[in-house]
Amino acid sequence: MFEAIRKLDTRGSFSKGLSEVENYLASTDQLLWSEENYLSFDCVDPLKSRLKLYVAEQVTSYLL
């Protein structure tokens, strides 16, 4: 997903933030990366738009 965003981001507007998110997700040992992740964006002028990435934790714990 990150490479696809970089290909579309011809101005580099998202590169710094995208790298930070990618590094953080890599540090979680895939706990926050699954098939239930979503990418959204604002439907406004592309110069004012934001990308939003929603991730879900794949860890279940039980209290005994």
Please give the calculated 222 nm ellipticity per residue for the chain, where each DSSP H segment of at least 4 residues contributes -39500 (n - 2.57) and the sum is spread over every residue; nearest 500 deg cm²/dmol? -9000 deg cm²/dmol
What is the angle, in °, between the Cα long axis of helix 15-27 and the longest principal axis of the Cα atoms in the chain? Nearest 10 is fine, range 0 to 90. 10 degrees
Find the relative contact order for the chain and round it to a whole percent, using C-alpha pairs within less than 8 Å whose residues are 6+ positions apart. 26 percent
When ranked by the protection proxy of mean other Cβ atoms within 10 Å per residue, highest first, what sequence do the peptides 10-20, 36-46 form? 10-20, 36-46
Tensor-based shape of the chain (alpha-carbon gyration tensor, a/c under 1.5 rounded, otherwise prolate or oblate): prolate
Placing +1 on each Lys and Arg Cβ and -1 on each Asp and Glu Cβ in the chain, then taking the dipole about the Cα centre, the residue among 41, 2, 56 whose Cα reaches farthest towards the positive end is 41
Between residue 39 and residue 61, how high is the FRET efficiency from 1/(1 + (r/R0)^6) when r is the Cβ-Cβ distance and R₀ = 35 Å? Nearest 0.05. 0.80
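Taken together, the values in this text are just the output of simple stated rules run on the coordinates, not laboratory data. Computed from a predicted structure; not experimentally measured. For neighbour counting, all protein chains shown are included, and Cβ atoms are generated from backbone atoms with ideal geometry for every residue, glycine included.
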